[in-house]
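Taking it in order: structure first as structure tokens, then the write-up.
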Amino acid sequence: MNTSKFKIFIIACIVALFSLTTFVLAGEQPVAIFHAFDQNYIDVKSYVCELPKQGYSHVQIAPAQKSNPSEQWWARYQPIDYAVIEGKGSESDLRNLIKTAHGCGMKVIADVVFNHMADMDEYCDLNFPGLSKNNFHPRCNIDYSNRESVINCWLGTLPDLDQTQTAVQTMQKDHLKKLLKLGIDGFRFDAAKHISPDIVKKYIDYIDKESKGNAWNYLEVIEDSGTSAEDYKWIAAVTDFLLYSSMKDAFSYGGDLRSLRVPKAVDDSRSVTFGRNHDNIPELNVKAINPYSDRTDSYLATAYVLARERGTPLILNWDNYDNAFIKYGVAFRRIMGERAKSGENVKETVLAVIENPTVLVMERGSQGFFVVNKGTDKFNITILDMTLTNLEGCYRELRNNFNVAIERRDGKKYVTRWGTRDRGGLEIQGRDALYFIREPWSQCQTR
């Protein structure tokens with residue numbers, strides 16, 4: 001090898017090593033994120049240490065910057081001054097919340113709103129603290145089929161910040177630095193698709209530098225005719241509205257759960273997944289994005305999200321409290337993650353053991369499985385062939401605490417016990433979801 005080629009080889013190795021190091025240092029992907037939507041920091045502090053007991057690793061809080069003082073939830077997404085923490089709590093309130101969360105092993109994700117400012121009458125001249133009219137794009141109506149328009153035009157009446165301006169980038173980085181110094185562990189970037197990917201990358205790079213690679217970040221990217229998740233997923237995790245649409249079709253009335261055997265979704269194991277979020281709720285937003293006509297369908301979709309190996313589940317605070325099986329899905333996900341770290345097979349596979357549009361069975365390797373019935377009637381079969389699956393042994397259902405046995409008989413595998421020794425097969429009530437984890441075989445012999 002001549003000298004010049006050797007130098008090129010060494011440089012390539014250094015670049016590769018640097019890239020690998022950056023990946024390794026990236027903040028650990030959350031098990032599940034509890035979205036403390038529109039809640040005061042003091043209130044979140046009062047219960048945050050209950051969340052890790054359920055299985056959550058992260059809590060996402062409302063935007064911290066001083067914003068439109070209206071009590072409406074959307075006012076938090078209309079910034080006035082990034083240098084001041086005010087709205088859902090003071091800087092002291094936020095510091096105390098973070099300290100409490102860290103004390104019980106929870107990490108905190110901050111929601112940041114960098115694309116635009118408030119449309120209040122007193123700021124109609126665009127004279128916000130630290131900014132001038134030159135720091136905003138001229139007003140124009142968005143054409144969602146045109147990327148330049150999506151990036152440079154106003155969101156309705158909300159003044160659009162010109163992110164190429166040094167003053168704007170400095171202001172935003174100062175806000176990130178303030179939150180990192182308070183102990184924030186990661187960020188959600190609101191309306192990220194309305195900011196150039198190159199600029200978003202600069203902010204993520206800044207976070208990585210200031211946090212020494214320990215922050216975990218994701219971007220709100222709602223796909224449309226001119227914007228794809230592919231435009232941003234190379235920067236950080238993105239919201240998976242593709243999977244949301246797939247699930248909405250499958251779990252809604254008339255949909256077929258067999259379509260989820262190979263669901264349409266963002267091709268990224270980090271993507272943030274959800275049965276619903278605040279953008280999909282008509283009671284919150286007159287322009288709700290593809291909402292469910294029956295919100296209980298979204299609970300079943302959330303159960304499915306939590307059963308999967310891929311993705312980063314984001315669970316709305318209301319849904320966690322309103323539905324019995326969701327919190328057990330969080331526990332299931334944590335257990336599967338722990339077993340994966342121990343080297344166990346927890347690969348996600350939707351099984352074809354039942355040909356039914358309303359019932360879905362998913363295995364997680366040999367370590368667990370999930371069953372959901374979106375129908376209103378109980379589903380009940382007495383024989384279930386599991387020969388072509390990885391499942392075998394004894395499994396316990398987390399919420400109802402009953403055992404299931406999968407055994408070999410005459411060269412095949414069957415569910416030989418479902419709750420009691422008197423029956424095999426599968427039984428699940430209507431509108432329900434069940435999570436099973438593998439247990440020692442002795443548990444099925446003694447109970």
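Throughout, read-outs are computed from the coordinates displayed, never taken from laboratory work. No experiment lies behind these values; they were computed from the predicted model shown. Because the Cβ atoms are built from the backbone with ideal geometry, glycine has one as well, and the counts that use them run over all protein chains shown.
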Pulled fully out, how much extra length does the chain show between D143 and E50, if you take 0.36 nm times their separation in residues and subtract their Cα-Cα distance?
29.0 nm
Among the listed pairs K88/K327; K178/K341; K201/K264; K45/K287; K193/K264, which are separated by more than 23 Å between their Cα atoms?
K88/K327; K178/K341; K201/K264; K45/K287
Mean Cβ-within-10 Å packing, highest first, puts peptides 162-170, 52-60 in the order 52-60, 162-170
Which angle between 0 and 90 degrees, to the nearest 10, do you get for helix 91-103 versus the longest principal axis of the chain when only C-alpha atoms count?
30 degrees
Just D198, D267, D125 to compare: in a GNM of the chain, with alpha carbon springs under 10 Å, which one fluctuates most?
D125
Angle, helix 295-307 long axis vs. longest principal axis of the chain, Cα atoms, 0 to 90°, nearest 10?
80 degrees
Summing Lys, Arg as +1 and Asp, Glu as -1, what charge do residues with Cβ under 13 Å from the Cβ of C124 carry, C124 excluded?
-2
Suppose R0 equals 35 Å. What FRET efficiency, 1/(1 + (r/R0)^6) with r the Cβ-Cβ distance, do D162 and E283 give to the nearest 0.05?
0.55
Which option, [x] 26.4; [y] 53.0; [z] 19.0, is the value of mean projected area of the Cα convex hull in nm² that was calculated from these coordinates?
[x]
Of the chain, which part is the longest with no GluC sites (Glu not before Pro) in a loop (DSSP not H, G, I, E, B) and with at most 12 other C-beta atoms within 10 angstrom?
72-282
Scalar couplings 3J(HN,Hα) for region 167-179 by Karplus 6.51 cos²θ - 1.76 cosθ + 1.60 (θ = phi - 60°), nearest whole Hz, x for Gly and Pro, are 4, 5, 5, 5, 4, 5, 5, 4, 5, 4, 5, 4, 5
Counting only C-alpha contacts under 8 Å and six or more residues apart, can you give the relative contact order of region 348-446 as a whole percent?
30 percent
Quick one: of the DSSP bridges fully inside region 27-341, what percent are antiparallel, nearest 5?
20 percent
What ranking of V404, V286 emerges when the number of other C-beta atoms within 10 Å of each C-beta is taken as an exposure proxy, fewest first?
V286, V404
Ranked output for segments 128-137, 299-308 by mean other Cβ atoms within 10 Å, highest leading, reads 299-308, 128-137
Could you derive backbone 3J(HN,Hα) for region 391-404 from the dihedral phi with the Karplus parameters 6.51, -1.76 and 1.60 (θ = phi - 60°), listing whole Hz in sequence and x where the residue is Gly or Pro?
7, 6, x, 10, 9, 10, 7, 5, 7, 9, 6, 10, 9, 10
On a C-alpha basis, how far is the centre of region 204-228 from the centre of region 337-375 in Å? Whole number, if you could?
30 Å
Qualifying chymotrypsin sites (Phe, Trp or Tyr not before Pro) in region 211-288, DSSP loop, other Cβ atoms within 10 Å at most 11
W234, Y253
Output the 0 to 90 degree angle, nearest 10, between the alpha-carbon long axis of helix 326-341 and the longest principal axis computed from the alpha carbons of the chain.
90 degrees
Do the sum for the chain: with -39,500 (n - 2.57) for every DSSP H run of n ≥ 4, divided by all residues, what is the mean residue ellipticity at 222 nm, to the nearest 500 deg cm²/dmol?
-9500 deg cm²/dmol
For the chain, modelled as a Gaussian network with Cα springs under 10 Å, which listed residue fluctuates most, G343, G311, G275?
G343
What residue among P263, P79, P313 has the largest mean-square fluctuation in a Gaussian network model of the chain, using Cα springs under 10 Å?
P263
Among M120, M336, what is the fewest-to-most ranking by other Cβ atoms within 10 Å?
M120, M336
I'd like the trypsin sites (Lys or Arg not before Pro) in region 328-374 restricted to DSSP loop residues with at most 14 other Cβ atoms within 10 Å, sorted by number.
K347
